[in-house]
Amino acid sequence: MITIKEAKSKKDLKAFVQFPFKLYKGSEYWVPPIIKQELETFNKDKNPIFNDAEARFFLAYKSGEIVGRIAAIINWLEVDKKGIKKMRFGWFDFIDDLAVSSALFDTIENIGRENQLSYAEGPVGFSNLDKVGVMTEGYDHLATMITWYNHPYYVNHYKSRGYQIEKEYAESSFPFENVKPEFFKKAQELIKRRYSIRALKFTKTEEVMPYVDRMFDLFNESYASLSSFVEITDIQKEYFKKKFISFINPEYIKFVVDKDNKLIGFAIVMPRFAEALQKANGKLFPLGFTHILKAKRNSKEVIFYLIGILPEYQNKGIHAVIFNEYYETFKAKGIERCYRTPELEDNLAIKQIWKHFDPIVYARRKTFVKDL
């Protein structure tokens with residue numbers, strides 16, 4: 001018999017966060033989160049997303065042992081402001097037992113109906129800055145810190161429950177040697193002169209901070225046309241500043257401004273922390289922080305996390321300016337391989353941007369949807 005219990009206490013929430021450590025124990029491809037950071041994500045007093053969203057966390061028990069988990073999420077900005085009656089769910093993990101996954105599906109679907117929502121979609125997080133999708137290919141590749149990893153049997157559980165594919169994503173990578181500067185070197189000089197723009201270089205985190213609010217505003221503008229997009233609020237900006245910016249090498253943050261110093265484009269790249277996080281095994285102390293700092297300084301692999309261009313400057317080659325800046329930085333640091341975060345399969349524009357680098361898709365993931 002499967003029993004579902006809502007995780008409310010600190011003890012239960014910690015068990016919620018730690019369940020995947022048991023489920024993926026011994027996996028050479030799963031990348032564990034930092035337990036403290038994950039708990040803070042779910043802390044209503046610390047994460048401002050809860051000003052506009054709500055989440056409930058559930059654990060599945062079988063014979064007294066935890067065998068599954070799921071987060072039921074309603075983003076009220078999405079529901080009330082955009083009229084998208086979506087029941088979100090994420091952090092969905094379970095043993096290969098249909099009774100377990102069905103009990104967890106029942107839980108989030110009932111919450112959706114109680115709130116008069118039209119459909120359930122997942123796995124997704126609170127917003128577009130969270131992890132997304134269940135992996136459907138690429139199980140034999142090391143995951144990243146910004147994606148969920150899962151066992152191959154997960155997909156069958158979605159299908160057996162009547163869920164249909166909603167969105168499809170691809171993850172790709174390419175060796176730095178594939179980057180040929182002739183594809184953007186001359187073009188970026190012409191673009192700079194034509195539009196009177198320039199790239200900003202940073203060596204210290206404090207140099208970045210004055211531009212971060214503007215970066216989030218640009219992020220909201222450049223991604224607003226996506227059907228699944230929910231804007232980042234002012235209070236969330238402050239939260240993400242503290243949570244992310246200090247972990248990113250300042251030289252990996254690139255901004256492009258016009259003649260009036262208005263931000264028109266940005267990109268964020270992160271060191272690939274996967275191996276460091278595996279060594280940390282969920283804990284920053286005593287040695288986890290050391291592994292992460294070492295990766296931040298010395299990793300020869302990087303992940304393109306975000307790229308945003310102001311709508312009126314899209315399709316005008318601004319990415320050539322950004323790529324030129326990264327080329328110089330990566331060349332100086334001896335970067336060997338570049339990875340890209342999950343990108344929608346039908347996003348032809350983004351494929352055009354990367355085509356000259358001959359990226360190879362190494363993993364695919366999907367979100368699944370079901371009418372309620």
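The values are calculated or read from the model by the stated rules, or taken from the named source; none is laboratory data. Since the structure is predicted, the reported quantities are computational estimates derived from the model, not experimental observations. For neighbour counting, all protein chains shown are included, and Cβ atoms are generated from backbone atoms with ideal geometry for every residue, glycine included. With ligands, DNA and RNA removed, areas are computed over all heavy atoms of the protein, side chains included. Shrake-Rupley method; radii C 1.70, N 1.55, O 1.52, S 1.80 Å.
A few comments on the model shown:
- Considering the conditions (1) part of a loop (DSSP other than H, G, I, E, B); (2) loosely packed, with under 15 Cβ neighbours inside 10 Å, residue 30 is excluded by exactly one of them, (2).
- Comparison of 168, 238 shows that the only residue that is within 30 Å of residue 86 (Cα to Cα), part of a strand (DSSP E or B), open to solvent by 50 Å² or more (accessible area, probe 1.4 Å) and touching a residue at least 24 places away in the same chain (Cβ under 8 Å) is 168.
- Total residues in segment 77-110 satisfying the condition of being over 20 Å from the mean Cα position of the chain (by Cα) and not in a strand (DSSP E or B): the figure is 23.
- Residue check for residue 268: of a type in the set (A, V, I, L, M, F, W, C) and outside any loop (DSSP other than H, G, I, E, B): yes
- Extreme residue, most open to solvent (accessible area, probe 1.4 Å), among residues of segment 311-340 that are in contact with a strand residue (DSSP E or B) (Cβ under 6 Å, 6 or more places away or on another chain) and hydroxyl-bearing (Ser, Thr, Tyr): 313
- Candidate set: segment 318-365, residues that are under 22 Å from residue 145 (Cα atoms) and of a type in the set (Lys, Arg); chosen: the one farthest from the chain's Cα centre (by Cα): 333
- Hits in segment 33-53 - residues which are assigned to a helix (DSSP H, G or I), open to solvent by 80 Å² or more (accessible area, probe 1.4 Å) and more than 20 Å from residue 285 (Cα to Cα): 51
- Single match in 283, 259 (criterion: in a loop (DSSP other than H, G, I, E, B) and out of contact with any helix residue (DSSP H, G or I) (no Cβ under 8 Å at 6 or more places or on another chain)): 259
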